[in-house]
Amino acid sequence: MNTERKRGGRIPKLNPKSHHVMLRFDDDEWMKFLVMYEQTDVKAKAVFAKARIFGEPFKVLREDKTLVEYYTRLSSFHSQYRMIGNNYNQVVKELRCHFSEKKAMALLYKLENCTRELVSLTREIVELTHKFEERWSQR
């Protein structure tokens, strides 16, 4: 039948890493190393040291808290606009059902003016968002 005998265990790696190097730092060098390491997104110090030895560039990741705050506020605006839309529909239905046509038209006119202000504010927010993305986008 099958002449090859199957062996159990892990499949051997194609390029095993069998050589290792040990580094010793004094306190100042260690602090410099840690500062550089903490600025990157690398999970292991050995991977970071290997990349630095072979001259691979490393990326420094900085989180801008104002950017995060801006996007969270923008998300809250979105939820508020949804609520306004729901309330707007409910108000129009109630006006149509419970008020005379003349009174309903007067109240709808006031509502329409408030809606125009809301639309202009929304356009300003969208414009500021586009400027913000152009300035801070890392594409």
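Just so you know, all these numbers are worked out from the coordinates, no wet-lab data involved. Values in this document were obtained by computation on a predicted structure and should not be read as measured data. Please note: Cβ atoms are built from the backbone with ideal geometry, for glycine as well, and neighbour counts cover all protein chains shown.
For GluC sites (Glu not before Pro), the sites in the range 1-81 that DSSP calls loop and that have at most 15 other Cβ atoms within 10 Å are GLU4, GLU63. Select from ILE84, ILE53, ILE125 the residue whose mean-square fluctuation is largest in a Gaussian network model of the chain (Cα-Cα springs shorter than 10 Å). Comparing ILE84, ILE53, ILE125 in the GNM, the peak value goes to ILE53. Given the pairs LYS110/LYS131; LYS43/LYS65; LYS17/LYS43; LYS13/LYS43; LYS13/LYS50; LYS65/LYS131, which are separated by over 26 angstrom at their Cα positions? Cα-Cα > 26 Å for LYS110/LYS131; rest within. Loop-located trypsin sites (Lys or Arg not before Pro) in the range 1-50 (DSSP state other than H, G, I, E, B) with a sparse environment of at most 12 neighbouring Cβ atoms within 10 Å: ARG5, LYS6, ARG7, ARG10, LYS13, LYS17, ARG24, LYS43.
When the convex hull of its Cα atoms is viewed from all sides, the range 1-116 shows a mean projected area of 20.9 nm². In a DSSP loop and with at most 15 other Cβ atoms within 10 Å, the chymotrypsin sites (Phe, Trp or Tyr not before Pro) in the range 1-96 are PHE25, PHE54, PHE58. The distance separating the Cα centre of the range 1-62 from that of the range 94-118 comes to 68 Å. Taking 0.36 nm per residue of separation and subtracting the current Cα-Cα distance, fully stretching the chain between PHE77 and LEU108 would add 8.8 nm. The per residue volume of the convex hull around the alpha-carbon atoms of the range 23-62 is 65 Å³. Average projection, convex hull of the Cα set of the range 65-136: 5.2 square nanometres.
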